[in-house]
Amino acid sequence: MADFSPELVKKVKDLWKRYPEKKAALLPAMHLIQQERGGWFSAETIRDTADLFEVPDIHVQGIVGFYDMFHSEPVGRHVVRLCKTLSCKLRGADELRAHIRDAYGVDHGQTTADGAFTFRCFECLGHCTTAPMMLVDEERHENLTVERVDRVLRALR
Amino acid sequence: MIRETRVMLEHAADAAQKTLAGYRKHGGYQALAKALREMKPEDVTEEVLKSGLRGRGGAGFPTGRKWKFVPKTNKKKYIAVNADESEPGTCKDRQIMENDPHQLVEGTLLAAYAIGAGTAYIYVRGEYPHSIRALEDALDEAREAGLVGKDIMGSGFSCDVWVHPGAGAYICGEETALLTSLEGNRGYPRLRPPFPAVEGLWKSPTVVNNVETLACVTHIIRRGASWFSSLGCEGSTGTRLFCISGHVKNPGVYELECGKFTLRELLMDLGGGTPSGRAIKGVLPGGSSMPVFVAADLDVRFDLDSVAKAGSSLGSGAIMVFDESVSAVDVALNISEFYSHESCGQCTPCREGSDWVRLMLDSVRRQEATRSDVGLLLDVLDRIEGNTICALAEAFCWPVRSFVKKFGSEFEAHLKERATA
C-alpha cells in the first residue's frame, strides 16, 4: 500500500473500524502519515494518502491547506509553535517573537539555517492562564521569558 | 471574598484521579450505574432539563432541550463531544480532560444513553496532545472494565467512544463545522436547519455538547437536578469554569457559582488586580468574540442573563483583562488578525470582510486612516454581520464594533488628521 510502513497501515485500518466510512479517519491518519513522512506532505505523500483512502488527490491537498498543523513544505527537525493571540500578546509574546527573529534568524514560517527547527506563530493554543506559551512538537512550555525560550531552543540544536 | 465551589475540579489536583481506580474512589461511574439500572433514557433527559443546565461552549443553550430535539427514529444516533476548545482566552475544558478524563467519559455515556446513541466521538483540537493522551488512556481502561463498548455494566446498552484529533482550525469548534471535519473534510459550517440533532453526522441525529457541559451531566445524575440547581442562580445554575488571563496578578481557571459576585469582585478578589497596579482599561468577559467591557462596566453581576443585559456575554468563560498601558487599537487589531486567519473562506462577506477589517484596523494603528475610513469600517461590519452561514462573522464584528464605540476617543486620536495636525 503505497510504501507506507506496515505498522502505519495497520494503525489506519484500526482507525477505519471506528467510522462508517474510511474518509472520516483522514485527520487522525494524516497526523500519523505526516510523522512517518518527515513532518510534511509532499505531492507524492498527498498522492499516496489519496490512494490509501480512495479519495481524489485534491481532497487530501485541500485538507493539508486548510488545517494549520499539516505542512505543505519541508520542516526542520522540530516544530516550534509560539502562541500570538491576545492573552499571550498581553504577557509578552511579541517580544519573544522579536527575540527569536534576532537570536535565531527565523520569523513565522521559517526554518533555522541548521535545520533544527521550523518556527511558527500560532493562533490561540489554549494555555491563556500560563501565558506566554509555546509548543515544541508535543511538549509545552509555559510562563515563558526570553531566558526560558533560549534554554528550550538551544537544546534543539 | 469570593470562594471557589469545586465540583468538576474537586479532585483535579489528585494525580490518581486520572486512573479508573482513582476516579472510582471518588464516586466515579456511580451516575452511569444509577442511570443504567434505575432510569429510563427519557428520565436522564428530564433530570438534565430540570437542573437548568445550559451549554458551556459559548451559546448557553439549555442542554436538556437540545437532547429533546432528537427525533424518535430507528436511525443510528451519535454524540459528538466538542473538545475543540479554541476561543481565545479559553483553557478550561483542558483541565477536565487532562486531570479528570473519566468525568467526561461518564458524561458522554450518559448523554449517549439519554438519546440512544451507539457511538460517540470526542473531537479534541490537535494542539492538545496532553488531553488526547489522557482521554485515550482513560478510554482504554474504561473499555477494559466494560464501561465503554458492548453491553455496558450488563445493562444491554452499548456505546463506543473514540477520540478524534483535529488538526488546527478554530472553525471546527463551530458545531456543524466540527461534524463536517469529523467526516474527513475541510471544516466548513453547514446551513441550519436542519439542526445537528435532526441531521448531523452522516445525516443521522447527532447531539454536539461541550466538554464542561457533559462533566456537569455526570454530577447532575449522581447528585440530582435539585442539588445542581441549588448552586449558582436562576438562569445560571450549577458551577462554571472561568479562565482569567491577561493583566491580572493571579491568572487561572476558577470554578465558581454564578450570580454571587460582580465582575469587578472577581477580578479583584481572585484575579488580584493588575500586576502593575495600573487601572483596568478593558475586559473581554467571554472570549474574544464578545463585546468589550470598560472600567465603568465592571459592576455587572456575573451571570449569563445579567452580562447579556449589559451588552456582552459570558461566552466560553474566558475573561481577558488589559490595563491602561495597552492600546485599544492594538487589542482590536490582534482580535481581527485571529478571525481573518480563522475564517474558513466559505462565505464571501466573512472571507473578504475579515481581511478588510484587519487591514483597516492596521491602518488606524499606523495613523494612516481618516475619519471616513472609520465610518467605512463600521459600514463594512454592518454588511458582514447576519450574512454568513455561521457566527464567525459576528465573532469579529461584535468585538470590533464595541472597541470603536467604547474607545472612540482613542481611535479618534489615531486618525491621520490628528497625527498630521
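The values are calculated or read from the model by the stated rules, or taken from the named source; none is laboratory data. As the structure is a computational prediction, the values presented were derived from the model and not from experiment. As a convention, Cβ positions derive from the backbone with ideal geometry for all residues, glycine included, and neighbour counts pool all protein chains shown.
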Do you know which of the residues in region B:204-240 that are within 13 Å of chain A (Cβ to nearest Cβ) and crowded, with 24+ Cβ neighbours inside 10 Å is farthest from residue B:31 (Cα to Cα)? B:206
Taking region A:38-82 on its own, how many of its residues are away from every other protein chain (no Cβ under 11 Å) and either farther than 17 Å from residue A:24 by Cα or touching a residue at least 12 places away in the same chain (Cβ under 8 Å) (or both)? 25
Return the pair list, or none, for Cβ contacts closer than 7 Å from residues in region B:220-241 that are touching a residue at least 12 places away in the same chain (Cβ under 8 Å) and farther than 16 Å from residue B:306 by Cα to residues that are assigned to a strand (DSSP E or B) and β-branched (Val, Ile, Thr), at least 6 apart or on different chains. B:228/B:237; B:229/B:237; B:231/B:237; B:231/B:239; B:241/B:253
Kindly list the number of the only condition in (1) within 20 Å of residue B:318 (Cα to Cα); (2) within 13 Å of chain A (Cβ to nearest Cβ); (3) in a strand (DSSP E or B) that fails for residue B:82. (2)
Would it be correct to say that residue A:111 is β-branched (Val, Ile, Thr), within 14 Å of chain B (Cβ to nearest Cβ) and either closer than 30 Å to residue B:280 by Cβ or touching a Gly at 6+ places or on another chain (Cβ under 8 Å) (or both)? no
Need the failing condition index for residue B:216 against (1) touching a helix residue (DSSP H, G or I) at 6+ places or on another chain (Cβ under 6 Å); (2) more than 29 Å from residue A:21 (Cβ to Cβ); (3) hydrophobic (A, V, I, L, M, F, W, C), just the number. (1)
Going through B:348, B:388 one at a time, which residue ends up being more than 19 Å from residue A:86 (Cα to Cα) and buried (at least 16 other Cβ atoms within 10 Å of the Cβ)? B:388
Output for region B:137-196, where each listed residue is in contact (Cβ under 8 Å) with a residue 12 or more places away in the chain, acidic (Asp, Glu) and more than 25 Å from residue A:30 (Cα to Cα): B:141
Kindly list, by first and then second residue, each pair from a residue in region B:354-371 that is under 12 Å from residue B:327 (Cβ atoms) to a residue that is of a type in the set (A, V, I, L, M) and surrounded by fewer than 15 Cβ atoms within 10 Å (Cβ to Cβ), limited to pairs with Cβ atoms under 7 Å and residues at least 6 apart or on different chains. B:367/B:419
Kindly list the number of the only condition in (1) over 30 Å from residue B:292 (Cα atoms); (2) among the β-branched types (Val, Ile, Thr); (3) outside the structural domain of residue A:14 (by TED's automatic domain parsing) that fails for residue A:46. (3)
Can you confirm whether residue A:29 is assigned to a helix (DSSP H, G or I), facing chain B (nearest Cβ under 10 Å) and at negative phi? yes
Could you check how many residues of region B:2-49 are assigned to a loop (DSSP other than H, G, I, E, B) and either touching a Ser or Thr at 6+ places or on another chain (Cβ under 8 Å) or on the phi < 0 side of the Ramachandran plot (or both)? 18
Looking at region B:195-309, what helices (runs of 4 or more DSSP H) fall wholly within it and have at least 1 residues that are charged (D, E, K, R)? B:211-223, B:304-309
Would you mind stating whether residue B:336 is assigned to a helix (DSSP H, G or I), within 23 Å of the chain's Cα centre (by Cα) and either assigned by TED's automatic domain parsing to the domain that holds residue B:292 or touching a residue at least 24 places away in the same chain (Cβ under 8 Å) (or both)? yes
Which is modelled with pLDDT of 95 or more and within 15 Å of residue B:171 (Cα to Cα), of B:83, B:120, B:114? B:83
Kindly evaluate residue B:106 against the criterion of being in contact with a helix residue (DSSP H, G or I) (Cβ under 8 Å, 6 or more places away or on another chain), in contact (Cβ under 8 Å) with a residue 40 or more places away in the chain and either charged (D, E, K, R) or part of a strand (DSSP E or B) (or both). yes
In region B:318-345, anything touching a strand residue (DSSP E or B) at 6+ places or on another chain (Cβ under 8 Å), crowded, with 18+ Cβ neighbours inside 10 Å and of a type in the set (Asp, Glu) is listed as B:323
With within 14 Å of chain A (Cβ to nearest Cβ), more than 17 Å from the chain's Cα centre (by Cα) and in contact (Cβ under 8 Å) with a residue 12 or more places away in the chain as the only criterion, which of B:75, B:92 stands out? B:75
Of (1) within 18 Å of the chain's Cα centre (by Cα); (2) within 14 Å of chain A (Cβ to nearest Cβ), residue B:267 fails just (1)
(1) modelled with pLDDT under 95; (2) closer than 25 Å to residue B:178 by Cα: which one isn't true of residue A:157, the others all being true? (2)
